[in-house]
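Read the structure below first, then the notes.
The values are calculated or read from the model by the stated rules, or taken from the named source; none is laboratory data. Quantities reported herein were computed from a predicted structural model and do not represent experimental measurements. A quick note on method: Cβ atoms are made from the backbone with ideal geometry, for glycine too, and the neighbour counts reach across all protein chains shown.
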Amino acid sequence: MRVLVTRRWPAQVEQVLQDRFDTVLNASDEPLTAAELARAMDEFDVLCPTVSDRIDAAAMNGGNSVRLIANYGVGFDHIDLATAKAKGIAVTNTPGVLTDATADIAMTLLLMAARRAGEGERELREGRWTGWRPTHLVGSGVEGKVLGLVGMGRIAMATARRARHGFGMRIAYYGRHPCDPAVAAELEAEFFPELHELLGASDFVSLHVPGGAETGNLIDAAAIAAMKPGSYLINTARGGVLDHEALADALDRGHLAGAGLDVYPHEPDVPEALLGLENVVLLPHLGSATAETRIAMGMKALANIEAFARGEPLPDRVA
C-alpha cells in the first residue's frame, strides 16, 4: 500500500511508516502545491496531510487511487468532506492526544497577555528597559476573574481545569447545550446559552470551537463589541472563527486590553493589522508542539492507516 506524507513528521513515526508501508516522505518539508496534491490522488492509496494542505474538490478530483485521507491533526476544515464522501474516500483525524498541549498554550497566551509578557520581552531585548519602577508594564491578575469559554469540548475543559484549579479563575461557558453535570460541578462552571451574554460577562474569553462554515467569523465586530471593556481574547481554535480586522480595531482603541493568538485564517500569513500592536501576543501555531504530542499524533494517524490496511473499522473516522 502506497502512502504519501505531505510534511515532515517526527522521525520515530516516519520510520515506522516506512517499515510497514511503501511510504514517500517530503524530505524538503515544503508545502506541496495544489497540482502536486492533485497528482497524489492518482498515485497513492493513502494521503497523510496536515492543516497546511488544502484538500479541496479540485485536489481530490485529480485521481481515484486514494481511498484514505489520514489527517495529522484534530481539525479537518481544510478537507472537503462532502467531496471525500462522494468519492468514497475515508477521512480520519487524531483527536484526544493534543488536548493537554493545546490547553497549556491557551493558558500561556492568557497569562502572557494579562501580564504583558510579550511587551516586556521586546522592550528588554531591544535595550529599552530602564529598570524597575512601580508603574512599569502593569497588567492584570487572573485570580477571581471570569474565564469565558466559547465551546466546551476536550480542550476547553482542560483549559478550564488549569484556570480554575491552578489559578483560581471563575469559569463560564457558551455552547449548544450544557456540559456534563459532573464537569460543571467540578469547575463550578456557569452555562450561558447566548454567546453575547457570555462575552459581556467574561474578563477573559478563550475560543474552542471547530473551524468551518458554521463557525466562520463567529467572533465578528458585533461579538467583539459585546465583550467587556478591558477584557482579553484568546484563540487556539481556528483562525477563521475570528474577524482579525475587528480585533485589531478593538485592541487599538483600547476596548480590549489584550489578546493572544496561536492560529490565523491564512497561515503562515499573519493579518497585517495585528503586527504593529503591542497588546497582542502572536505565536506561530504552537498548540500541539511538544515532542510527546507530535509523536502521539503520528501514532494515531498510523493506527488509522493500519486499520484501513486490515479492512477494520477506523478508530478516528470523521467521514
Which one of these is in contact (Cβ under 8 Å) with a residue 40 or more places away in the chain and either of a type in the set (S, T, N, Q) or assigned by TED's automatic domain parsing to the domain that holds Asn217 (or both): Leu251, Leu261, Leu277?
Leu261
Candidate set from segment 78-103 (those that are hydroxyl-bearing (Ser, Thr, Tyr) and outside any loop (DSSP other than H, G, I, E, B)); member that is farthest from Phe308 (Cα to Cα):
Thr102
Can we say Ile295 is touching a helix residue (DSSP H, G or I) at 6+ places or on another chain (Cβ under 7 Å), assigned by TED's automatic domain parsing to the domain that holds Met152, at pLDDT 95 or above and not polar (S, T, N, Q)?
no
Output yes when any residue across segment 155-162 is of a type in the set (D, E, K, R) and either in contact with a Lys or Arg (Cβ under 7 Å, 6 or more places away or on another chain) or not assigned by TED's automatic domain parsing to the domain that holds Ala259 (or both), and no when none is.
no
Looking at (1) closer than 30 Å to Leu81 by Cα; (2) modelled with pLDDT of 95 or more, which is the one condition that is false for Gly211?
(2)
Among the residues of segment 63-77, what is the count of those that are assigned to a loop (DSSP other than H, G, I, E, B) and in contact with a Leu (Cβ under 7 Å, 6 or more places away or on another chain)?
2
Check Leu81, Leu37 and return the single one that is outside the structural domain of Ala156 (by TED's automatic domain parsing), surrounded by fewer than 18 Cβ atoms within 10 Å (Cβ to Cβ) and aliphatic (A, V, I, L, M).
Leu81
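Restricting to segment 125-165, name every residue that is on the phi < 0 side of the Ramachandran plot and without any contact (Cβ under 8 Å) to a residue 24 or more places away in the chain. Full working, then the answer.
Looking only at segment 125-165, we keep the residues that are on the phi < 0 side of the Ramachandran plot, and these are 125-126, 128-130, 132-136, 138-143, 145-150, 152-165.
If the condition is that a residue be on the phi < 0 side of the Ramachandran plot and without any contact (Cβ under 8 Å) to a residue 24 or more places away in the chain, then Arg125, Glu126, Arg128, Trp129, Thr130, Trp132, Arg133, Pro134, Thr135, His136, Val138, His165 are the ones that fit.
Could we say that Leu110 is closer than 30 Å to Asp316 by Cβ, assigned to a strand (DSSP E or B) and not assigned by TED's automatic domain parsing to the domain that holds Pro49 here?
Working: closer than 30 Å to Asp316 by Cβ: yes; assigned to a strand (DSSP E or B): no; not assigned by TED's automatic domain parsing to the domain that holds Pro49: yes.
It is false that Leu110 is closer than 30 Å to Asp316 by Cβ, assigned to a strand (DSSP E or B) and not assigned by TED's automatic domain parsing to the domain that holds Pro49.
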With criteria (1) assigned to a loop (DSSP other than H, G, I, E, B); (2) in contact (Cβ under 8 Å) with a residue 60 or more places away in the chain; (3) surrounded by fewer than 19 Cβ atoms within 10 Å (Cβ to Cβ), His266 comes up short on (2)
Could you tell me whether segment 132-155 includes any residue that is surrounded by fewer than 23 Cβ atoms within 10 Å (Cβ to Cβ) and in a helix (DSSP H, G or I)?
yes
Considering only segment 269-288, how many residues are assigned to a helix (DSSP H, G or I) and surrounded by 15 or more Cβ atoms within 10 Å (Cβ to Cβ)?
2
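Does Glu186 qualify as being closer than 28 Å to Ala246 by Cβ and part of a helix (DSSP H, G or I)? Write out each step before concluding.
Numbers: closer than 28 Å to Ala246 by Cβ: no; part of a helix (DSSP H, G or I): yes.
Here the answer is no, as Glu186 does not meet what is asked.
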Taking segment 238-253, which residues are loosely packed, with under 14 Cβ neighbours inside 10 Å and either aromatic (Phe, Trp, Tyr) or in contact with a Gly (Cβ under 8 Å, 6 or more places away or on another chain) (or both)?
none
If a residue has to be surrounded by fewer than 20 Cβ atoms within 10 Å (Cβ to Cβ) and either in a loop (DSSP other than H, G, I, E, B) or touching a strand residue (DSSP E or B) at 6+ places or on another chain (Cβ under 8 Å) (or both) to count, how many in segment 289-315 make the cut?
7
